[in-house]
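This report refers to the structure that appears directly beneath it.
The values are calculated or read from the model by the stated rules, or taken from the named source; none is laboratory data. Note that the structure is predicted; figures quoted are calculated from it, not measured. As a convention, Cβ positions derive from the backbone with ideal geometry for all residues, glycine included, and neighbour counts pool all protein chains shown.
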Amino acid sequence: MKPGDFARKAVGGAYLSRTNTLFDKALNQNGKVNSFVTKDGIVKVGGFEIIQSVPAGGKNKKKLVRKYYDFADMKGDRRMIETAKAHFNSMCLAGFRGKNNIEFTCNHDSNPNWDAYLDLSDFEKTAEFDGQGSNSGSKNLGLQYEEDLFDAFMQRQNGEPITKYKDHVDLIVKKIENEYKSPIIDVKHDGTKDTGRPLKRDGHGPYISNGGAFNLDIGSKVSDITLTLKNRKKIYLSVKFGDTLSFFNVGVKKEIFPEDDMKKHSLKDFGREYLDMFDINHQDFLDIFENYGKTSGPSVADHLRTITLSGAKKEALVRLIKSGVGHGYWMTHYDGGQLHFYEVDESYMNRAAHLTGNKVDLQYGGAGGKAKRINMNFETTEYEFSFNIRNTQGGIYPSRTNGDYSKK
């Protein structure tokens, strides 16, 4: 959608009550449901940030002003809702020229802890907004691709014409059967099984567990589709869709950052160890959440920092990455335009965990310094990683830590 879908000068402001529809959906009120069709799949909207370029005093000088509206904070507060609507409509009326924009904070329908940051143009104009919508259905695009790929394999196994992703199946089959000199005789869909991999710790530091233990051979654990060859060897496919992928996503409220402890300015050993791995200042980390919403500027001073890891801290982070990437499977990554299919063996895992420059960019309070989160961004030989610790459940103190990555 575009700004003119919500506000137009010809009608003096709001157009066709679409802003009301958007707010009703996001607030789950008036018979509407917080579920939006976007270019990134089905999402739930948590809030939006208005970014506006305004005069800064001198001739032709401009500064960016940001204002974030959280729907969880608005619920039941009519004045706040009307203020947010007015600001939203005025921005749409002005148009998105230069650096002006509205960015939505969303969570994917299939995983409420999978963040997405979307522009208005990423949203489909569905029937609720007097549009035709898309033909993508109601499923997350990643899940849809996984199911379509499995269906394509089954059509091949049954001797039927492959109706979708034939080129993907052909590429995978050719590469696997040539590599192992044995034909595929069975296909199993594993994507619906429980693949929880919680964050654990041992004497060497935090790690992403495999069956509750430190085990880097994770093929059967992360498999979405398992191929069985005639020689009985099993090939595990980890199926991914999109540009940014999830490395891990785990809860932290119980064992790592309990809210009651943080309110007392205290951290558990697990929490301190996790922070130390990124050289995060303990007090500044606590202040992010303690000061949330209480300051006009960033919650902590010098909120953007770059640190260089060495020694035990570097070794701990490399070990954590290895435990997440693991080995023993084939990455089957469709970015929407091209299929990237390659084996993740021990050699690849080591490259994926090799830090580039040993530097980590820390964002206390997020990029703008005012959010209830900290971001930890860094690169390895194979990936660009973005870790964070944040609240995703409408509160203030951390509820999740997750790591996203994109292939270089």
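Things to note:
- Contact annotation: residue pairs with Cβ atoms under 7 Å, 6 or more positions apart or on different chains, pairing a residue in the stretch 241-254 that is of a type in the set (A, V, I, L, M) with a partner that is outside any strand (DSSP E or B), are V250/P198; V252/P398; V252/S399.
- Among the residues of the stretch 261-286, those that are assigned to a helix (DSSP H, G or I) and free of Cβ contacts under 8 Å to residues at least 60 places away in the same chain comprise D261, D269, G271, R272, L275, D276, H282, Q283, L286.
- Condition check for G47: over 30 Å from N111 (Cα atoms) and of a type in the set (G, A, S): no
- Leading residue by the ranking (farthest from K254 (Cα to Cα)) among those in the stretch 356-385 that are modelled with pLDDT under 95 and among the hydroxyl-bearing types (S, T, Y): T356
- K200 vs. criteria out of contact with any Cys (no Cβ under 6 Å at 6 or more places or on another chain) and over 30 Å from D269 (Cβ atoms): no
- Only one entry of L339, L320 meets the criterion of being buried (at least 21 other Cβ atoms within 10 Å of the Cβ), in contact with a helix residue (DSSP H, G or I) (Cβ under 9 Å, 6 or more places away or on another chain) and not assigned by TED's automatic domain parsing to the domain that holds E255, and that entry is L320.
- If the condition is being surrounded by fewer than 19 Cβ atoms within 10 Å (Cβ to Cβ), of a type in the set (V, I, T) and within 23 Å of T105 (Cβ to Cβ), then the stretch 1-42 contributes T21, V33.
- Residues that are assigned to a loop (DSSP other than H, G, I, E, B), in contact (Cβ under 8 Å) with a residue 60 or more places away in the chain, over 25 Å from D243 (Cβ atoms) and among the basic types (K, R) within the stretch 16-71 comprise just one, K32.
- The stretch 275-330 - residue that is farther than 30 Å from T228 by Cα, in contact with a strand residue (DSSP E or B) (Cβ under 8 Å, 6 or more places away or on another chain) and among the hydroxyl-bearing types (S, T, Y) and, of those, modelled with the lowest pLDDT: S299
- For the stretch 106-127, filtering for residues that are more than 17 Å from the chain's Cα centre (by Cα), modelled with pLDDT under 85 and under 24 Å from G47 (Cβ atoms) leaves 0.
- Beta carbons closer than 6 Å, at least 6 apart along the sequence or on distinct chains, pair a first residue in the stretch 113-129 that is closer than 12 Å to F36 by Cα with a second that is surrounded by fewer than 20 Cβ atoms within 10 Å (Cβ to Cβ) and among the charged types (D, E, K, R) for D122/K39.
- Top-ranked residue of the stretch 210-260 - restricted to ones that are assigned to a strand (DSSP E or B), closer than 15 Å to G403 by Cβ and not hydroxyl-bearing (S, T, Y), ranked as modelled with the lowest pLDDT: F247
- Only one entry of K359, K370 meets the criterion of being in the same structural domain as F385 (by TED's automatic domain parsing), surrounded by fewer than 18 Cβ atoms within 10 Å (Cβ to Cβ) and not polar (S, T, N, Q), and that entry is K359.
- Within the stretch 290-299, at least one residue is assigned by TED's automatic domain parsing to the domain that holds P398, closer than 27 Å to G394 by Cα and assigned to a helix (DSSP H, G or I).
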